[in-house]
Amino acid sequence: MGFWNEFKKDMHIAKEQRQCARFLQQILMMLEDETYANFTPTQGMNFFKELKIAYINYTYRIQEYNITSLTIKDKQYDVKEYDVIIKAKIRNLCKKYGINDERFKE
């Protein structure tokens with residue numbers, strides 16, 4: 001019975017890693033899209049809300065399952081390294097659109 005429980009646990013963690021990879025990919029694509037977008041302040045705030053939800057879902061799963069690296073299209077992403085990059089970009093968005101959010105304060 002122990003073997004199957006371990007197997008199920010490993011399968012669940014693999015599923016969560018794939019989900020985290022999707023969230024990371026979504027966040028990176030959103031940040032890239034924002035670079036080329038010409039949002040009004042209201043659109044920028046709405047965009048920020050969506051980005052924040054994706055980021056919270058991503059970080060929750062990363063912490064819950066102790067995921068340290070993710071693979072997207074055969075490229076390895078160090079979770080801690082990219083978290084620093086993502087937070088910096090989100091802080092820039094906050095400054096750009098005048099958003100005051102405790103989670104992303106320096």
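Checking each residue of region 21-29 against the condition of being surrounded by fewer than 15 Cβ atoms within 10 Å (Cβ to Cβ) and closer than 22 Å to Glu106 by Cβ gives no match. The residues of region 49-71 that are hydrophobic (A, V, I, L, M, F, W, C) and surrounded by 13 or more Cβ atoms within 10 Å (Cβ to Cβ), listed by number, are Leu51, Ala54, Ile62, Ile67, Leu70. Whenever a residue of region 66-85 is hydrophobic (A, V, I, L, M, F, W, C), its partners that are part of a strand (DSSP E or B) and loosely packed, with under 10 Cβ neighbours inside 10 Å, lying with C-beta atoms within less than 9 angstrom and at least six residues away or across chains, give the pairs Leu70/Gln76. For region 36-48, the tally of residues that are in contact (Cβ under 8 Å) with a residue 40 or more places away in the chain and exposed (fewer than 12 other Cβ atoms within 10 Å of the Cβ) stands at 1. Reported count of residues in region 1-27, each being assigned to a helix (DSSP H, G or I) and either free of Cβ contacts under 8 Å to residues at least 24 places away in the same chain or in contact with a His (Cβ under 6 Å, 6 or more places away or on another chain) (or both), is 15.
To keep it simple, each residue is scored yes or no on (1) within 16 Å of Tyr82 (Cα to Cα); (2) aliphatic (A, V, I, L, M).
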{"site": "Asn5", "(1), (2)": "no, no"}
{"site": "Ala14", "(1), (2)": "no, yes"}
{"site": "Leu24", "(1), (2)": "yes, yes"}
{"site": "Glu32", "(1), (2)": "yes, no"}
{"site": "Thr40", "(1), (2)": "no, no"}
{"site": "Asn46", "(1), (2)": "no, no"}
{"site": "Glu50", "(1), (2)": "no, no"}
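Bear in mind that the values in this text are calculations on the coordinates, not laboratory data. Quantities reported herein were computed from a predicted structural model and do not represent experimental measurements. Counting neighbours? That spans all protein chains shown, and the Cβs are built from the backbone with ideal geometry, glycine included.
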